[in-house]
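In what follows, a structure is listed as structure tokens, so that the remarks can point back to it.
The values are calculated or read from the model by the stated rules, or taken from the named source; none is laboratory data. Just so it is clear, the model here is predicted, and its values are computed rather than measured. Every residue, glycine among them, receives a Cβ derived from its backbone with ideal geometry; neighbour counts consider all protein chains shown. Remember, those area values only see protein heavy atoms, side chains included, never the ligands or the DNA or RNA. Shrake-Rupley method; radii C 1.70, N 1.55, O 1.52, S 1.80 Å.
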Amino acid sequence: MTTPSPPPAAGPGYLTEALRRAGVLGQGGSVAGVTVERVTTTILSHIFHLRTAYAGDADGAPAALVLKAGLPERPGGPWQGGRREVAFYRDVAPATPPGLLPRCFDAHWAAADGSWHLLLEDLTATHATATRWPLPPGLAQAEAIIRVRARFHAAWWDAPGLGDAIGTWPESPAADRQRLEERYAAFAGELGDRLPPERRAFYARLLDAVPRLAARTEGCRHMTIVQGDAHIWNCFLPRDGGGDARLFDWDAWRLDVATDDLAYMMATHWYPAQRRAAEQPLLDAYHAELLARGVTGYDRAALRADYRLSVLWQAVLPVQQHAMGIPPVIWWNNLERIHLAIEDIGCGDLLGR
């Protein structure tokens, strides 16, 4: 496999100007050389780990950087090719309390051709993901992740500017239902008899209930910024067990109910034995962290009700992932785990008779 070439943003001249604008490189210093130490390719991006050499006064300038850039062969497309993540680091990250996110030195998206990149701090020396995919985390690791999520959610809980300067509120139930019906028809058509009658009956009831279920977001009360793709491998934990965890990969962020992130983390990715053992202790820890960070008027019963609704909504996720062209190795397993959780928690009761 050919190693991808770094984009122009990896050049010494561009990095010099970007780091100066970010305030981590003085006018008397410059990037003299750049070495690409390794490259990781995802379905959305190339991630270049860069080692920088400096000339002149470069005290405090980062010796290592991460450059995340779009795939040249996949500009734009159904994921908007990094546009949303660039917007996150441009609009949300600067107003987020420190210690929750990797620092971003440069964020750029070009409307003309859909090219984009992010220049981020490299946390490799101090942080790592909890496990290698698809292994689940230990309970202590999961609690560290759930607590950093609570701190981020609390920072944006019912915050001024949501839906105006930052993000947009969920679309109308009618628009959601029409799009979902179209996508579900394609999903069910491809699966054929691999989607059994009882599952088809479930989705028929879910589609009928969309307007009623969507009423939770009317009034935009007790809502926040959610990560969207909130699995455990999008969180860096400190290697030494101390310090702050950091949430990364924000291409799917949106304004919504906070428990969507929790349901995605647990109900979508964990099999019943682990989920049953960890779910309630983690929800307790999450709620305690919310209260400690200043969220009021949201009791534990409200969290439980929102979580059950969010788990139910996760049934839509495989349908959406199928529509976006995500490989079945991801959405097929998600489908099975989600329906196990829905049955286990009794979320089907929310659909009515």
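Do you know which of the residues in segment 33-66 that are open to solvent by less than 70 Å² (accessible area, probe 1.4 Å) and free of Cβ contacts under 8 Å to residues at least 24 places away in the same chain is farthest from residue 325 (Cα to Cα)? Looking at the filtered set, the residue picked out is 53. For residue 157, the conditions (1) under 22 Å from the mean Cα position of the chain (by Cα); (2) assigned to a helix (DSSP H, G or I) are fulfilled apart from (2). Could you tell me whether residue 187 is of a type in the set (Phe, Trp, Tyr) and under 17 Å from the mean Cα position of the chain (by Cα)? No; evaluated as a whole, the condition is false for this residue.
When we screen 230, 252, 258 for residues that are surrounded by fewer than 22 Cβ atoms within 10 Å (Cβ to Cβ), under 25 Å from residue 347 (Cβ atoms) and of a type in the set (A, V, I, L, M, F, W, C), the only hit is 252.
What number of residues within segment 1-32 satisfy the criterion of being in contact with a helix residue (DSSP H, G or I) (Cβ under 7 Å, 6 or more places away or on another chain), in a loop (DSSP other than H, G, I, E, B) and open to solvent by 40 Å² or more (accessible area, probe 1.4 Å)? Result for segment 1-32: 1. Test residue 242 against the criterion of being in a loop (DSSP other than H, G, I, E, B), out of contact with any Asp or Glu (no Cβ under 6 Å at 6 or more places or on another chain) and either on the phi > 0 side of the Ramachandran plot or open to solvent by less than 10 Å² (accessible area, probe 1.4 Å) (or both), and give yes or no. So residue 242 fails the test. In segment 104-122, the qualifying residues are those that are out of contact with any Phe, Trp or Tyr (no Cβ under 9 Å at 6 or more places or on another chain) and surrounded by fewer than 16 Cβ atoms within 10 Å (Cβ to Cβ), and the one that is nearest to residue 152 (Cα to Cα) is 111. Scanning segment 85-120 for residues that are of a type in the set (Asp, Glu) and touching a strand residue (DSSP E or B) at 6+ places or on another chain (Cβ under 7 Å) yields 85, 91, 106. Looking only at segment 297-316, decide whether some residue is out of contact with any helix residue (DSSP H, G or I) (no Cβ under 8 Å at 6 or more places or on another chain), without any contact (Cβ under 8 Å) to a residue 12 or more places away in the chain, of a type in the set (A, V, I, L, M) and open to solvent by 10 Å² or more (accessible area, probe 1.4 Å). Scanning segment 297-316, I find at least one residue that is out of contact with any helix residue (DSSP H, G or I) (no Cβ under 8 Å at 6 or more places or on another chain), without any contact (Cβ under 8 Å) to a residue 12 or more places away in the chain, of a type in the set (A, V, I, L, M) and open to solvent by 10 Å² or more (accessible area, probe 1.4 Å), so the answer is yes. Hey, among the residues in segment 153-176 that are in contact (Cβ under 8 Å) with a residue 12 or more places away in the chain, among the hydrophobic types (A, V, I, L, M, F, W, C) and more than 17 Å from residue 87 (Cα to Cα), which one's surrounded by the fewest Cβ atoms within 10 Å (Cβ to Cβ)? Looking at the filtered set, the residue picked out is 174. For segment 160-176, the set of residues classified as more than 17 Å from residue 260 (Cβ to Cβ) and part of a loop (DSSP other than H, G, I, E, B) consists of 160, 161, 164, 165, 172, listed by residue number. Only residues that are open to solvent by less than 40 Å² (accessible area, probe 1.4 Å) and either of a type outside the set (Val, Ile, Thr) or under 24 Å from residue 293 (Cα atoms) (or both) were counted across segment 123-143, and they come to 7. Taking segment 266-296 as the range and being open to solvent by 60 Å² or more (accessible area, probe 1.4 Å) and not in a helix (DSSP H, G or I) as the test, the residues that pass are 271, 293, 296. Among the residues of segment 117-135, none qualifies, meaning not one is modelled with pLDDT of 95 or more, among the β-branched types (Val, Ile, Thr), under 19 Å from residue 94 (Cα atoms) and out of contact with any Ser or Thr (no Cβ under 7 Å at 6 or more places or on another chain).
With respect to the stated conditions, residue 96 fails to be surrounded by fewer than 19 Cβ atoms within 10 Å (Cβ to Cβ), in contact with a Leu (Cβ under 9 Å, 6 or more places away or on another chain) and among the polar types (S, T, N, Q).
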